[in-house]
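Read the structure below first, then the notes.
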Amino acid sequence: MVKKIQLNDEQWRTLQALHEAHTRRSPTEAISVSERLLSNGLVGCDRQGGKFLTEQGRERLNQGR
């Protein structure tokens, strides 16, 4: 179980947008990700600049707002 990190509205919408992009198999390069999401391990980046939810990010999203 991931500790429930408190997120502001923008960070929450970013997690939702990444989840939606993954579901639709859409590119994620244009999605702006805060340093806080990256440093807390909720979001990762690939070599091409794409962003993705980590397992922790998916668990946090499932915990709800």
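In region 52-65, what count of residues is obtained for those that are among the charged types (D, E, K, R), out of contact with any Phe, Trp or Tyr (no Cβ under 7 Å at 6 or more places or on another chain) and loosely packed, with under 12 Cβ neighbours inside 10 Å? Talk me through it step by step, then tell me what you get.
Residues of region 52-65 that are among the charged types (D, E, K, R), as a first pass: 55, 58-60, 65.
Retained after the next criterion (residues that are out of contact with any Phe, Trp or Tyr (no Cβ under 7 Å at 6 or more places or on another chain)): 55, 58-60.
Keeping just the survivors that are loosely packed, with under 12 Cβ neighbours inside 10 Å gives 55.
The total comes to 1.
Any residue at all in region 29-51 that is among the hydrophobic types (A, V, I, L, M, F, W, C), in contact with a Ser or Thr (Cβ under 6 Å, 6 or more places away or on another chain), buried (at least 17 other Cβ atoms within 10 Å of the Cβ) and assigned to a helix (DSSP H, G or I)? Within region 29-51, none of the residues are among the hydrophobic types (A, V, I, L, M, F, W, C), in contact with a Ser or Thr (Cβ under 6 Å, 6 or more places away or on another chain), buried (at least 17 other Cβ atoms within 10 Å of the Cβ) and assigned to a helix (DSSP H, G or I).
Any idea which residue in region 1-17 is surrounded by the fewest Cβ atoms within 10 Å (Cβ to Cβ), counting only those that are over 12 Å from the mean Cα position of the chain (by Cα) and within 17 Å of residue 55 (Cβ to Cβ)? Outline the logic, then answer.
Step one: filter region 1-17 for residues over 12 Å from the mean Cα position of the chain (by Cα), giving 1-6, 8-9.
In the following step, the residues that additionally are within 17 Å of residue 55 (Cβ to Cβ) were identified as 1-5.
Details: 1: 5, 2: 16, 3: 10, 4: 10, 5: 15.
Ranking the qualifying residues of region 1-17, first place goes to 1.
Against the definition (surrounded by 10 or more Cβ atoms within 10 Å (Cβ to Cβ) and within 13 Å of residue 58 (Cα to Cα)), how does residue 20 come out, yes or no? Judged against the criteria, residue 20 is a match. Inside region 30-65, can you point out the residues that are in contact (Cβ under 8 Å) with a residue 12 or more places away in the chain and aliphatic (A, V, I, L, M)? Result: 31, 33, 37, 42, 43, 53, 61.
Every read-out reported here was derived from the displayed coordinates using simple, explicitly stated rules and does not represent laboratory data. Here the structure is a predicted model, which is why all the values come from computation and not from measurement. Backbone-built Cβ (ideal geometry, glycine too); neighbour counts: all protein chains shown.
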